[in-house]
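The structure under discussion appears below in the form of structure tokens.
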Ligand SMILES: Cc1cc2nc3c(=O)[nH]c(=O)nc-3n(C[C@H](O)[C@H](O)[C@H](O)COP(=O)(O)O)c2cc1C
């Protein structure tokens, strides 16, 4: 993907669509891209494209959408993080073509989508997204919703990225600062941005800072999905700047607050 930083900074959730279908060319490109999506946790995420009319699918926050894409993953440790990582790749790729998406984990009739996507025993379908071209103007309900969530702002870097210990702000060099901006602007459920990073001895340790009410049986842990999204932006940012990052799971046992869980580390090969 060219101009990753521009794609990340330009992307917004799209909830108002132009009512037309996406072009065959874009549909074809997205189908091809999906086949190649992997994540560093080696947990496969399966994508299913669904026609909204055919299956009677809708969401109260959306208007004008004709197509959905659902993601399915086997329930197991790290499935939510892997899901976030893989699904975000799709989101960014779609946006690079001008195709709008929005992560939907809550505002949908879940049973209908799960049935249409053929979710089996032992699998979960944490989120779906519409696929379509943005309408010229946002619906009033979308504008109100963005305001309510504060969708156009993010937590400042000094509260997200730390060095050596929890709470001590990281002072990044210019290259890293750009990549951390890509992480900061990632989308998250209700725009909570639950990811935190502590850089220690050359490893970027990712943590989940948990809020109440984001974990259940059918969606997994939505905030772990958010951390997967942040990891995706970080890894893609590093790769775009010529680095070869790898993920390791090895808790450094840094002292962190009680509502904070270690997820994974990133180091350069
Ligand atoms: C895991 C996840 C679940 C989400 N679920 C919903 C949802 O159910 N309904 C909705 O309208 N937006 C949902 N969102 C979109 C967020 O509200 C949105 O990404 C955030 O407010 C930031 O806005 P932006 O994407 O325009 O930058 C979800 C986002 C994520 C990452």
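The values are calculated or read from the model by the stated rules, or taken from the named source; none is laboratory data. Owing to the predicted nature of the structure, the values given are computational and were not obtained by experimental measurement. Glycine also receives a Cβ, built like all others from the backbone with ideal geometry; neighbour counts cover every protein chain displayed.
Points worth noting:
- When residue 223 is tested against (1) closer than 24 Å to residue 71 by Cβ; (2) in contact with a strand residue (DSSP E or B) (Cβ under 6 Å, 6 or more places away or on another chain); (3) without any contact (Cβ under 8 Å) to a residue 40 or more places away in the chain; (4) more than 10 Å from the ligand (Cβ to nearest atom), only condition (4) is not met.
- For the stretch 221-259, a residue qualifies if it is assigned to a loop (DSSP other than H, G, I, E, B) and over 16 Å from residue 77 (Cβ atoms), and the qualifying residues are 241, 242, 243, 244, 252, 253, 254, 255, 256, 257, 258, 259.
- Filter pass, residue 220 being assigned by TED's automatic domain parsing to the domain that holds residue 264, touching a helix residue (DSSP H, G or I) at 6+ places or on another chain (Cβ under 9 Å) and modelled with pLDDT of 95 or more: no
- Some residue of the stretch 163-181 being within 13 Å of the ligand (Cβ to nearest atom) and within 28 Å of residue 47 (Cβ to Cβ): no
Yes/no matrix, rows are residues, columns are (1) more than 25 Å from residue 137 (Cα to Cα); (2) surrounded by fewer than 19 Cβ atoms within 10 Å (Cβ to Cβ); (3) in contact (Cβ under 8 Å) with a residue 60 or more places away in the chain:
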residue	(1), (2), (3)
10	no, yes, yes
16	no, no, yes
20	no, yes, yes
34	yes, no, no
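- Residue check, residue 136 more than 9 Å from the ligand (Cβ to nearest atom), within 13 Å of residue 55 (Cβ to Cβ) and modelled with pLDDT of 95 or more: no
- Within the stretch 63-116, the set of residues being near the ligand (Cβ under 10 Å from one of its atoms) and in a loop (DSSP other than H, G, I, E, B) comprises 101, 102, 103, 105, 106, 107, 108.
- Search result, residues across the stretch 59-72 that are free of Cβ contacts under 8 Å to residues at least 60 places away in the same chain and either surrounded by 19 or more Cβ atoms within 10 Å (Cβ to Cβ) or not assigned by TED's automatic domain parsing to the domain that holds residue 130 (or both): 70, 71, 72
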